[in-house]
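Here the structure comes first, spelled out in structure tokens, and everything after it is commentary.
Readers should treat all values here as calculations from the given coordinates under stated rules, not as data from a laboratory. Note that the coordinates shown come from a computational prediction; the quantities given were computed from them, not determined experimentally. Every residue, glycine as well, gets a Cβ built from its backbone with ideal geometry; the counts of neighbours run over all protein chains shown.
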Amino acid sequence: MGERGRRSYGQHRGRRRAPGRHGPAPIADDTGTAPSATLRGPGEGRAARRRAARRIKRRQRLRATREIPLLIVTAVLIALFLKTFLVQAFVIPSGSMEQTIKIDDRVLVDKLTPWFGWRPERGDVVVFKDPGGWLGQEQDLPARDDPVGIKQLREGLTFIGLLPSEDEDLIKRVIGVGGDRVVCCDDRGQVTVNGVPVEEPYLHPGNPPSQIEFDVTVPEGRVFLMGDHRSNSADSRYHLDGPGEGTVPEELVVGRALVIAWPYAHWQRLNGAEAFAQVPDSPSPAARGEPAAGHGRRE
């Protein structure tokens, strides 16, 4: 072999194949055939990304659709829990507690403390169940004329606590508790509790403490109630001939009204216990040596 042939052979042996622009050359399979390369035209990568993004959005919408019923059920359960055990809103439909609470005010009622032994005290504003015949004697209000369907929806939302209760309960102020003797009126025209006249700053302007005379000893476990708008409140005074002489069993008390929550301009805490600060506790029935009984209406 000549010098030229040896030089050419050495050049071919030392030369290495340069990789292609798109990477190493394809490797043949067992049949000796190289696989064909997948080629993408201009814009094909962007189209694939858009399709992937649309698939992700569809999955997110589907997941959100599945979660909506769960969120609704959770909200309903929370509302029921709050209404049953913690606090409930009530709409005031009448003027029996004016000027303290006006018509259509929303009050929040504490329903938690009764589970821990709370009992009504003098001066408390309380919401209570109708003991029988009280609602019919309150001031007549125009009936709500809701269309079919709206009425049922409103009742359902009220039941679960998402709307305030309007017409199933009453709201009054506690004047006497078990053992107290509540009398109207003394020489100055004031209500007395256990012989002590009560200054009542919450009374509706121009209203006397009462135009109905009474002398009642409140049985144990019951309360004597009156509205702040005495001339427009069918309260314990109007039921003196009934069971308990107008008093209401404590078990019918739903809870104590804490605040006027709406409208915001009427917001205030509801109290009144300071008016009874000088009233002494009544002796227990055992100390009196007789069962608690009412004295009836004074003639």
Sites I78 and N232, calculated FRET efficiency, Cβ-Cβ separation with R0 41 Å, nearest 0.05: 0.65
Sequence-distant residues sharing a close amide H with V254 (under 5 Å, placed H): V127, F128, K129
Ranked list, fewest to most other Cβ atoms within 10 Å of each Cβ, for V73, V91: V73, V91
Range of Cα positions in the stretch 213-253 per principal axis (Å), largest first: 27, 21, 14
Note, ³J(HN,Hα) from phi for the stretch 111-122, Karplus 6.51, -1.76, 1.60, rounded to Hz, x at Gly and Pro: 10, 7, 4, x, 5, 10, x, 4, 10, x, 10, 4
³J(HN,Hα) computed for each position of the stretch 208-221 - Karplus, 6.51 cos²θ - 1.76 cosθ + 1.60, integer Hz, glycine/proline x: x, x, 5, 9, 10, 7, 7, 8, 10, 9, 6, x, 4, x
Per-peptide average of other Cβ atoms within 10 Å, ordering 63-70, 256-263, 177-184 highest first: 177-184, 256-263, 63-70
Computed Kirkwood radius, in angstrom, where 1/r is averaged over Cα pairs of the stretch 230-273: 13.1 Å
Long-range tail of P(r) for the stretch 160-283 (Cα pairs > 20 Å, %): 46 percent
D104/Y264 FRET efficiency (R0 22 Å; Cβ-Cβ; nearest 0.05): 0.95
